[in-house]
Each structure stands twice: as structure tokens, then as C-alpha cells.
Amino acid sequence: MTDIPLDLGPQARIVARLAGAVTDEQLADRTPCPDYRVRHLLGHLTGLAVAFRDAARKDLGGTTDIDPTGAVPDVGPGWRRELDEALDGLAEAWRDPRAWTGTTRAGGVDLPGEVAGAVAADELLVHGWDLARA
């Protein structure tokens, strides 16, 4: 495989732009996800971006073993920078054609690289929409 099936960069930039517009006052607002406030959704986005970045790099363990249905994520004071860096890293990692091959892991589940890339795209799309609606 010499080409990548999908560039996650545009989706990541949209999520980053949406997140960049969030004010501190909006962090407690509701989202379409019943258990998540905006702050939790942003925490989830940060965590999934790091996990899927590592999945693309085949850097398994740690972040790729975290069960996404576990504790409700939250953000700290540096969340804007952390999310931007995580989204940039995610997009860059999936630009490597090797990310789409072989087996990787995300959420503690082993899966083909091409499936993991599709799941990462889906997560950005769905949770980007959640953030836009919040």
C-alpha cells in the first residue's frame, strides 16, 4: 500500500476549530452524549486522539489498552494545547501508509489497521458533531 485511504487531517482540524471556540463557561454545558458535559467530551476527544495516534504508530499498550467505557474523562487547565497536539499527532500518524496495514489495538481491542483508521475517522466525525451541537 503506497497511498492512504483517508486523510484524517481535515476532520481533526474541524474538531480543533470547534474546540477552540469553547469558552470556559461552556465547559459545564450539556452535549448530545447523555453522560458527558462539554468538558467530558473534550477529555474523551483528547484521549481518543492520543490512543488512535498510538494505534497508528503501532505503539501498543498504555493508551491503546484503555477501555473507553471506563471513567468519564475530564480536562485540565491545559486542555486546549493538549487537544490541539493530540489531534495534530493523530492526523500525522495516519498519514503514514504503514498505519493502515497489519494489526493494531485501540480501546483494548486488537483490530486491522485499516479498521482502526476508519474507527478513528468515525470518532472524529461523531464527536465533532456532538461538540458542534453542544
Exercise for the section: Would you tally the residues in the stretch 40-60 being free of Cβ contacts under 8 Å to residues at least 24 places away in the same chain and either in contact with a strand residue (DSSP E or B) (Cβ under 8 Å, 6 or more places away or on another chain) or β-branched (Val, Ile, Thr) (or both)? Expected result: 0
Problem - Filter result for residue 55 (closer than 25 Å to residue 21 by Cβ, touching a helix residue (DSSP H, G or I) at 6+ places or on another chain (Cβ under 6 Å), modelled with pLDDT of 95 or more and of a type in the set (Gly, Ala, Ser)) - result: no
Practice task
Tell me, yes or no, whether the stretch 86-102 has at least one residue that is of a type in the set (Lys, Arg) and within 26 Å of residue 4 (Cα to Cα).
Solution key: yes
Problem - Elements of type helices (runs of 4 or more DSSP H) in the stretch 24-134, at least 1 residues being more than 15 Å from residue 9 (Cα to Cα) and in contact with a Gly (Cβ under 6 Å, 6 or more places away or on another chain) - result: 113-133
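The values are calculated or read from the model by the stated rules, or taken from the named source; none is laboratory data. Since the model is a prediction, treat every value here as computed from it, not as a measurement. Methodologically, a virtual Cβ is constructed for each residue, glycine included, from the backbone with ideal geometry; neighbour enumeration extends over all protein chains shown.
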